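Student: Take this structure first; my questions come after.
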Amino acid sequence: MQQENLSLMAFQKKFRTEKACQKHLFELRWPQGYRCPRCQHDQAYFHRQRHLYACKACGYQTSLTAGTIFHKTRTPLRKWFWMIFLMGRQKSGVSMLFLQRILEIRTYKTVWVMGHKIRKAMAERDADYQLAGLIEVDDTYIGGPKPGKRGRGAGGKSKVVVAVETPGDKPRFAAMRQVPKVGAAEIAGVVRECLEEEAIARTDGWRAYRIIASLPQRHEPVVTGSGKNAGRLFPWVHTLIANVKGNIRGVYHGVSDKHLPRYLGEFCYRFNRRFWEPQMFNRMVTACLNAQTVTFSELRQ
Ligand SMILES: [Zn+2]
């Protein structure tokens, strides 16, 4: 089911009605048929008006969307589906204003919250994976109100550590983490979280990275010299940094420090699945069904 290839035409045809969307959610949530979330029993009474399933064994009531990002949404599932489809397929990301307009979503706030819920589901999905083998690791500054000081120590910008698995001459998977500063403790935290213990971290040898020598991961510092040389020694990490910066500047017109981790999650999610593009929609809906939801008030805090 998750492997199904969906072209735009097939998508449009398949999800014309709310009922078709509900059926699809049911099949992704309960591929072997209904399962009670509490006792795993496989039979339920269905309450048609309230859209509730009541377990025939323990009486526990659940709905198709309970505990998912779609719970109690007032936006039709069809619009959610289109949004997920477009966010998954557009490599550079999609503007929320554009989605609001074409999907006829009443307020910007609604589409903005929907976008963050989907992004959070994408980020959570990747949080459990670790990079393996040879990894290029570097840090960068993203966002900030004005073009200011460049390089390490630039003020008013968010600090991000980027790691790219580069087994041969092509990158495979990537991870990005926002950090309060690029210090030894922060680098150690990112490396522990994102890299397998057997991985080799190739860095420019800047002092914060020396901490890696004390971790299980192997450190391969490379003296880069000039900036041009750094681009040659770390081609993929620099390409990814340029792409994510371009997306955030061009499509999202800048992102605040607070929301940046979810945008980084969205970017890496798409990058890590770029070879499975036709399956992206089902993979994302599955992620949305499994993610912890986030509310507007949590986003505003
Ligand atoms: Zn039950």
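The values are calculated or read from the model by the stated rules, or taken from the named source; none is laboratory data. For clarity, every value in this text was computed on a predicted model and none was experimentally measured. Don't worry about glycine lacking a Cβ; one is built from the backbone with ideal geometry, like all the others, and counts go over all protein chains shown.
Student: Can you find a residue that is more than 16 Å from the ligand (Cβ to nearest atom), assigned to a loop (DSSP other than H, G, I, E, B) and under 30 Å from Gly250 (Cβ atoms) anywhere in segment 50-64?
Tutor: Scanning segment 50-64 turns up no residue that is more than 16 Å from the ligand (Cβ to nearest atom), assigned to a loop (DSSP other than H, G, I, E, B) and under 30 Å from Gly250 (Cβ atoms).
Student: Restricting attention to segment 82-101, does a residue exist that is within 25 Å of Phe275 (Cα to Cα), among the β-branched types (Val, Ile, Thr) and out of contact with any Phe, Trp or Tyr (no Cβ under 8 Å at 6 or more places or on another chain)?
Tutor: Yes, segment 82-101 has at least one match.
Student: Right, next: Spot the failing condition for Arg262; the list is (1) in a loop (DSSP other than H, G, I, E, B); (2) touching a residue at least 60 places away in the same chain (Cβ under 8 Å), and only one is missed.
Tutor: (1)
Student: Of the residues His47, His41, His71, which is away from the ligand (no atom under 16 Å from the Cβ) and over 28 Å from Ile248 (Cα atoms)?
Tutor: Unique residue meeting the criteria: His71.
Student: I'd like to know if segment 267-276 contains one or more residues that are more than 22 Å from Asp126 (Cα to Cα) and either free of Cβ contacts under 8 Å to residues at least 12 places away in the same chain or among the β-branched types (Val, Ile, Thr) (or both).
Tutor: no
Student: Here's something else I'd like to know. For segment 265-275, state whether one or more residues are modelled with pLDDT of 90 or more, under 16 Å from the mean Cα position of the chain (by Cα) and not in a helix (DSSP H, G or I).
Tutor: Scanning segment 265-275, I find at least one residue that is modelled with pLDDT of 90 or more, under 16 Å from the mean Cα position of the chain (by Cα) and not in a helix (DSSP H, G or I), so the answer is yes.
To keep it simple, each residue is scored yes or no on (1) assigned to a helix (DSSP H, G or I); (2) buried (at least 19 other Cβ atoms within 10 Å of the Cβ); (3) of a type in the set (A, V, I, L, M, F, W, C).
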residue: Glu186; (1), (2), (3): yes, yes, no
residue: Ala201; (1), (2), (3): no, yes, yes
residue: Ile211; (1), (2), (3): yes, no, yes
residue: Val237; (1), (2), (3): yes, yes, yes
residue: Ala242; (1), (2), (3): yes, no, yes
residue: Gly246; (1), (2), (3): yes, no, no
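Student: Moving on. Can you tell me which residue in segment 42-72 is farthest from Lys19 (Cα to Cα), limited to those that are among the hydroxyl-bearing types (Ser, Thr, Tyr) and more than 21 Å from the chain's Cα centre (by Cα)?
Tutor: My answer is Tyr60.
Student: Residue under question is Lys19, and the condition is that it be modelled with pLDDT of 90 or more, assigned to a helix (DSSP H, G or I), away from the ligand (no atom under 16 Å from the Cβ) and under 24 Å from Glu277 (Cα atoms); does it hold?
Tutor: No, not satisfied.
Student: Next up: If you take the residues in segment 74-92 that are closer than 23 Å to Leu264 by Cβ and among the aromatic types (Phe, Trp, Tyr), which one is farthest from the ligand (Cβ to nearest atom)?
Tutor: Among residues in segment 74-92 that are closer than 23 Å to Leu264 by Cβ and among the aromatic types (Phe, Trp, Tyr), the one farthest from the ligand (Cβ to nearest atom) is Phe85.
Student: Criterion first (exposed (fewer than 15 other Cβ atoms within 10 Å of the Cβ) and within 28 Å of Val294 (Cβ to Cβ)) does Arg48 satisfy it?
Tutor: no
Student: Based on what the data block shows, is Pro167 closer than 25 Å to Gly254 by Cα, surrounded by fewer than 20 Cβ atoms within 10 Å (Cβ to Cβ) and modelled with pLDDT under 90?
Tutor: No, not satisfied.
Student: Then there is this: Among the residues of segment 93-107, are any within 15 Å of the ligand (Cβ to nearest atom), farther than 30 Å from Cys268 by Cβ and assigned to a loop (DSSP other than H, G, I, E, B)?
Tutor: Taking every residue of segment 93-107 in turn, none turns out to be within 15 Å of the ligand (Cβ to nearest atom), farther than 30 Å from Cys268 by Cβ and assigned to a loop (DSSP other than H, G, I, E, B).
Student: Cβ contacts < 9 Å: first residue exposed (fewer than 15 other Cβ atoms within 10 Å of the Cβ), restricted to segment 70-88; second residue part of a helix (DSSP H, G or I), any location; separation 6+ or different chain. Result?
Tutor: Every condition considered, the pairs that remain are Arg74/Thr110; Pro76/Glu18; Pro76/Cys21.
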